[in-house]
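Accompanying notes for the structure given below.
The values are calculated or read from the model by the stated rules, or taken from the named source; none is laboratory data. Predicted model, so just to flag it, every value in this text is computed and none were measured. Virtual Cβ from ideal backbone geometry, glycine too; neighbours counted across all protein chains shown. For the accessible areas, the whole protein counts, side chains as well, though only heavy atoms, and no ligand, DNA or RNA atoms are used. Shrake-Rupley method; radii C 1.70, N 1.55, O 1.52, S 1.80 Å.
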Amino acid sequence: MKDMKELLHSAHLTKTQKIIAEYVLDNASEACFMTSTEIALKLGVSESSVIRFSRTIGFDGFMDFQKALLLMQLFQMAHM
């Protein structure tokens with residue numbers, strides 16, 4: 001998760017995007033299986049905010065972000 005932490009800390013995020021980033025970092029094993037709608041509902045933000053967050057940190061969209069998050073989780077599990 002180190003790479004994701006670095007990516008999120010180096011990005012210029014809005015207040016809402018920081019909330020999303022904190023949730024993803026603190027709950028990566030759960031968040032990697034959640035839809036953008038589920039994350040939005042969990043955090044009380046809009047789905048479009050979750051999608052914009054994904055784009056702000058350099059992904060083409062939420063699906064690309066979710067895949068990267070899942071791959072990072074799998075990598076961590078494999079190296080425990």
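Taking the Cα centre of the chain as origin and charging only Cβ (+1 Lys, Arg; -1 Asp, Glu), how large is the dipole, in debye to the nearest 20?
The dipole of the chain has a size of about 180 debye.
Accessible area of the chain with a 1.4 Å probe: how many percent of it is carbon plus sulfur?
Carbon plus sulfur share of accessible area: 57 percent.
Translational diffusion coefficient of the stretch 1-64 at 20 °C, 1.002 mPa s, Stokes-Einstein with Kirkwood Rh over Cα pairs, in µm²/s as a whole number.
186 µm²/s
Mean shadow of the stretch 40-79, computed from the convex hull of its alpha carbons, in nm²?
Mean orientational projected area (the stretch 40-79, Cα hull): 3.2 nm².
With each run of n ≥ 4 DSSP H residues scored as -39500 (n - 2.57), what mean residue ellipticity at 222 nm is computed for the chain after dividing by its residue count and rounding to the nearest 500 deg cm²/dmol?
Details: 6 runs with 60 residues, N = 80.
-22000 deg cm²/dmol, from helical runs alone.
Over the chain, average the accessible area per residue using a 1.4 Å probe and give it in Å², no decimals.
Each residue of the chain exposes 64 Å² on average to a 1.4 Å probe.
Mean separation of Cα pairs under 8 Å and 6+ residues apart, divided by the residue count of the chain: what relative contact order is that in percent?
Contact order relative to length: 33 percent.
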